[in-house]
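The values are calculated or read from the model by the stated rules, or taken from the named source; none is laboratory data. Just so it is clear, the structure is predicted and the values come from calculations on it, not from any experiment. Positions of Cβ are backbone-derived with ideal geometry, glycine not excepted, and every protein chain shown enters the neighbour counts.
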Amino acid sequence: MTEHEHDRLDELANRFLPGRVVRKDLVRQVKVGASVPVYVLEFLLGKYCASSDPFEIEAGLTVVNQVLADNYIRPDESEQAKAELKKKGKHRLIDKVDVRFVESDKKFWATLANFGSKFVNIPEETVYKYERLLGGGAWSQIDLVYNDLDDKAQKTPFYIAGLKPIQVAAFDLPAYVEARQEFSRDDWLDLVVRTIGLEPTEYDLRGKLLALTRLIPMVERNYNLIELGPWGTGKSFVYRESNPNAILISGGKVTVPQLFVNMSSGRVGLLGTWDVVAFDEVAGLQMGDSTVVNMLKDFMESGSFARGKEEIPAEASVVFVGNTSKPHEELVRTAHLFADLPPQMIDPAFLDRLHYYLPGWEAPKLEARLFTGHFGFVSDYFAEAMRQLRKNSQVRAIDADFSLGSHLSARDERAVRKTVSGFVKILHPHGEWSHGDLREYLEFAMEGRRRVKEQLKKLAAHDYAKTAFSYVENDTGREIWVEVPEQPEILDVAELVDERDAAESSGLSIAELIAAGESKTVEFKRTARYNEYTGAVDKNLERGIVKSVAGFMNAAGGVLLVGVHDEQHITGIEPDYELTGNNGRDGFENWLITKLEKDLGKTPTASLVDVTVEQFDDGDVCRVEVKPSNQPVYVGNNAEFFVRMGNSTRPYNTRDAMDYIRSRW
């Protein structure tokens, strides 16, 4: 990429984030054949290739490759490197340095990961200067010397004479936030997409948000994510290469000591030492025993684990990524979207801890055109930004604009809020966003959690019956329902049309129906037309009544109770009376029948609907008995088609409606 190929976003990034961005195409060039983390390569590129001149860049790349050849040691070359160091007396190398204080020795010792030594002398002033060395370690450029005087038994001859961290040694969050204010939301979104190596011009907004969802575990504490889909879509890249605070475990056996605490040594496991623990190739994952699943399940819920006598809090996010054995359409139709997980993980209580199911089948297979040739954040700088932002929480971000629907359980609400919080922290670290931005994140968050619930409903229908997710606009009171794209609209008609259930519901009293809760033959509505936020008529609420009645007609029939909250208590329809001419019950009944006749037709309304109102201490409740129709019933002039499925009423497009009609009638 030559200078004239830089675009407007490149100019913005270099103007407001000087030294914090790097050309991602150069990273890929050097990465080929080098088993070095991306953030290490980006350090070298920033040092030797900080130019737009193609000749200077070419010369810099030659230097970078030579530095890697001379200074980077692979783990299998450690003994050869030690011998070379003894022979020469000094050597500069690139390695990960992890420092610990040993009380018995009253001194600090450094561990060099690839060099293969756990007892390397390091000056105290160096440790205090770079405190990150004590907190998980840092990749560094090291000047290592061999001292013959200490080449004796029980002594170590290796000394660090000089050290320069490659990872970010200091991070200025206010400066990061200030830089964000110079970008629009969409520009910042594109910059983050380029940071993970993708070219945003090749993706629509949904594709960008899907890619960014992989980053939420890095910026949100105790966030549980699963992504399953075809191979080759880059599911594991961000956890393996771009963030030094994440660790990727590829298949194999997982044990309690590995994840939690090793009781013999007292060493805390991965969940207590990393920000993100990701499990790759999850289909081949082997849990050591049932204790692993149970402890992991508890940790994913509480953010702590007990091992021995102590309760240990930890903030690690847990990620599962893997490939699907069949197309997702087939899994949805014949099994469920968790079918490729190990058997011990297909436990509804375990899966219910997942905050988001990322549909990996929507991510395109990676090819050359999808990789960016532009500037993105230096990976380690961005990783440190996310680590700093983990300390804050934006789970209340939606409260001023939206309210969550009553069908969401406490776990559902927590999952949705954490996902929105993650998007807000990644894209709006300055704390400013628009109503439209927040709506996008909210709907995206609800979709991912509902995908989990829809599969749980297949595994344990009785425990996970409520899967209809909605939110309410606080300013208008309008309720919006969020669907899952791949969820099939057509299921076995025998599952939908159960005349026995409808008959049983019809024979119950209102009190008994409320106590039993909503089902595929019972639905509650708080009001028919009164908007409690505006105090006026709400056409969307009226439309909701008509849709529900039509849905019952096209399925097994049922009972609609108006004046009842989803949480199974009476609210009363007295507010509706005031909007129907102050004629009380009679006026309300006449209005409702007229509305149904207008939108559904006089014949089905007269023959299939019976409306009554019953008085209770907490208010009046309208009972609408609906019989199943012997032919399709459509709503309004646009002939919309609705069917009651499970505990929600769903719209059908033309193709699905025709398929359903052929099966139903």
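Applying the set (1) farther than 21 Å from Phe469 by Cβ; (2) surrounded by 20 or more Cβ atoms within 10 Å (Cβ to Cβ); (3) out of contact with any His (no Cβ under 8 Å at 6 or more places or on another chain) to Thr527 leaves exactly one unmet item: (1).
This table checks each residue for (1) aliphatic (A, V, I, L, M); (2) farther than 21 Å from Ile166 by Cα; (3) over 43 Å from the mean Cα position of the chain (by Cα); (4) surrounded by 12 or more Cβ atoms within 10 Å (Cβ to Cβ).
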residue: Lys87; (1), (2), (3), (4): no, yes, yes, no
residue: Val97; (1), (2), (3), (4): yes, no, no, yes
residue: Arg100; (1), (2), (3), (4): no, no, no, yes
residue: Glu103; (1), (2), (3), (4): no, yes, no, no
residue: Ala110; (1), (2), (3), (4): yes, no, no, yes
residue: Asn114; (1), (2), (3), (4): no, no, no, yes
residue: Ser117; (1), (2), (3), (4): no, no, no, yes
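Taking the conditions exactly as written (farther than 21 Å from Arg267 by Cβ and touching a strand residue (DSSP E or B) at 6+ places or on another chain (Cβ under 9 Å)), does Arg92 satisfy them or not? Against the criterion (farther than 21 Å from Arg267 by Cβ and touching a strand residue (DSSP E or B) at 6+ places or on another chain (Cβ under 9 Å)), Arg92 qualifies.
Just to verify a result, which residue in the range 217-261, among those that are among the polar types (S, T, N, Q) and assigned to a strand (DSSP E or B), is modelled with the lowest pLDDT?
So in the range 217-261, the residues among the polar types (S, T, N, Q) come out as 222, 224, 233, 236, 242-243, 245, 250, 255, 258.
The next check asks that each one be assigned to a strand (DSSP E or B); those that pass are 224, 250.
On the way: Asn224: 98, Ser250: 84.
Filtering first and then ranking leaves Ser250.
For the range 345-392, a residue qualifies if it is touching a residue at least 40 places away in the same chain (Cβ under 8 Å), under 19 Å from Phe423 (Cβ atoms), assigned to a loop (DSSP other than H, G, I, E, B) and out of contact with any strand residue (DSSP E or B) (no Cβ under 7 Å at 6 or more places or on another chain), and exactly one does: Arg390. Are any residues in the range 268-286 part of a strand (DSSP E or B), among the small types (Gly, Ala, Ser) and over 20 Å from the mean Cα position of the chain (by Cα), and if so, which ones? Once the filter is applied, which keeps residues that are part of a strand (DSSP E or B), among the small types (Gly, Ala, Ser) and over 20 Å from the mean Cα position of the chain (by Cα), the range 268-286 yields only Gly284. Here Asn637 meets each of (1) under 44 Å from the mean Cα position of the chain (by Cα); (2) in contact (Cβ under 8 Å) with a residue 60 or more places away in the chain with one exception, condition (2). With respect to Val332, is the statement that it is within 24 Å of Leu209 (Cβ to Cβ), crowded, with 21+ Cβ neighbours inside 10 Å and of a type in the set (Val, Ile, Thr) true? Criteria not met by Val332. Have a look at Asp538, Asp566 and point out the one that is within 16 Å of Ser406 (Cα to Cα), within 35 Å of the chain's Cα centre (by Cα) and assigned by TED's automatic domain parsing to the domain that holds Cys622. The unique qualifying residue is Asp566.
Among Glu227, Glu220, which is touching a Gly at 6+ places or on another chain (Cβ under 6 Å) and within 22 Å of His328 (Cβ to Cβ)?
Result of the check over Glu227, Glu220: Glu227.
Confirm whether Gly207 is outside any helix (DSSP H, G or I) and farther than 19 Å from Arg390 by Cα. It is false that Gly207 is outside any helix (DSSP H, G or I) and farther than 19 Å from Arg390 by Cα.
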